[in-house]
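A.B. asks: The structure's right below; bear with me while I get my questions together.
The values are calculated or read from the model by the stated rules, or taken from the named source; none is laboratory data. Remember, it's a predicted structure, so these values are computed and weren't measured experimentally. Positions of Cβ are generated from backbone atoms using ideal geometry, with glycine treated the same way; all protein chains shown enter the neighbour counts.
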Amino acid sequence: MMQRSCDIPQELIENLRAANKIAILTGAGMSAESGIPTFRDALTGLWSQYNPEDLATPQAFEHHPRLVWEWYSSRRSLVRQVSPNQGHQALAAMERVVPTVTVITQNVDGLHQKAGSSRVLELHGNIHRVKCSQEGTIVGTWEETGTLPPRCPHCQALLRPDAVWFGEPLPQEPLLEAAEAVAACDVFFSIGTSGQVYPAASFVHFARRSHAEVVIMNTDEKAQDFPDFHRLNGPAGQILPELLQ
Ligand code: BJW
């Protein structure tokens, strides 16, 4: 018998196999084992002197567009170098076990799609896309060329990353689809998120109210510490493949 990295209740494994619909909210911890730093764990290197929350705001972009662009360029270049981890791959493989699997991600790295998940709802945008800061139109994916910050080819306003910053509304279509998936699911997972940023953080409660079985998976046993939820404490890249065995 294989040694598991945490106690996975047999009942949960059986409920997962019997489920018709599952919804999975992922956060930065999902990509940590791919080598992408999370937001609220300690950061090292050049950007340790900045608070990401101070950079991910419209105000930061207004006052320091070049700084914000440089932050996103360095993150984009890291994302290009990394691969999906075993956790991303296990979620993609779950589609062979459960008829409807909806991945709702707060991550902007595109790693779920790269791993092969077919239904991914991006709540906070995608780091590879850029849009016009005035018109909001998506201009395309960004190639690291030219001087920063770049300008919109149509109206000459500044271009910006297609990421959702604090105080900005989430894109309506994925948000509505996510709410529907959460309301309809049999099992809801919240994986690798501190649960501090809304509205994504409210999904565990929606799921609970809709009578879904709720599972929190996190390396920090204090994260999203609510009673009545299953907890799987440990790294998602280890636990998720074990759930499918
Ligand atoms: C592992 C692991 C491993 C590590 N395995 N686990 C007061 C109350 C309620 C709400 C508000 C409020 N004041 C303001 C608000 C709203 C605000 C908000 O929530 N603020 C809170 C901070 C209080 N929200 C917003 O502003 C949102 N918009 C909005 O509400 O709009 C309303 C509106 C309507 C109409 C008109 C106008 C407005 C927008 C939020 C946007 C968030 N943006 C960011 C950056 C952009 C994307 C990017 O550049 O990447 O999104 S901030 C950052 O936080 C990023 C993340 O997606 C998001 C969530 O972080 P996440 O994923 O949880 O990461 P961490 O680092 O916090 O946690 C990682 C976890 O993983 C940890 O727990 C680790 O233990 C764990 N872990 N390794 C498993 N291997």
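A.B. asks: Quick check, is Pro153 within 15 Å of the ligand (Cβ to nearest atom) and outside any helix (DSSP H, G or I)? Steps first, answer last, please.
C.D. replies: On the way: within 15 Å of the ligand (Cβ to nearest atom): no; outside any helix (DSSP H, G or I): yes.
Criteria not met by Pro153.
A.B. asks: Would you mind finding the one in Val164, Val215, Val187, Val182 that is closer than 17 Å to Val98 by Cβ and touching a His at 6+ places or on another chain (Cβ under 6 Å)?
C.D. replies: Working: Val164 fails: closer than 17 Å to Val98 by Cβ; Val187 fails: touching a His at 6+ places or on another chain (Cβ under 6 Å); Val182 fails: touching a His at 6+ places or on another chain (Cβ under 6 Å).
That would be Val215, the only listed residue that is closer than 17 Å to Val98 by Cβ and touching a His at 6+ places or on another chain (Cβ under 6 Å).
A.B. asks: Go through the residues of the stretch 11-19 one by one and say whether even a single one is in contact with an Asp or Glu (Cβ under 6 Å, 6 or more places away or on another chain), more than 14 Å from the ligand (Cβ to nearest atom), part of a loop (DSSP other than H, G, I, E, B) and at pLDDT 95 or above.
C.D. replies: Yes; the residues of the stretch 11-19 include at least one that is in contact with an Asp or Glu (Cβ under 6 Å, 6 or more places away or on another chain), more than 14 Å from the ligand (Cβ to nearest atom), part of a loop (DSSP other than H, G, I, E, B) and at pLDDT 95 or above.
A.B. asks: Here is a further query. Please list, ordered by first then second residue, the pairs with beta carbon atoms under 8 Å, 6 or more apart or interchain, first in the stretch 60-79 and farther than 16 Å from Asn107 by Cβ, second part of a helix (DSSP H, G or I) and charged (D, E, K, R).
C.D. replies: Hits for this filter: Ala60/Asp54.
A.B. asks: So which residues in the stretch 160-206 are more than 11 Å from the ligand (Cβ to nearest atom), among the β-branched types (Val, Ile, Thr) and either part of a loop (DSSP other than H, G, I, E, B) or closer than 15 Å to Leu121 by Cα (or both)?
C.D. replies: Selection gives Val182 alone.
A.B. asks: Restricting to the stretch 90-136, name every residue that is farther than 22 Å from Val182 by Cβ, free of Cβ contacts under 8 Å to residues at least 60 places away in the same chain and of a type in the set (S, T, N, Q).
C.D. replies: Gln134
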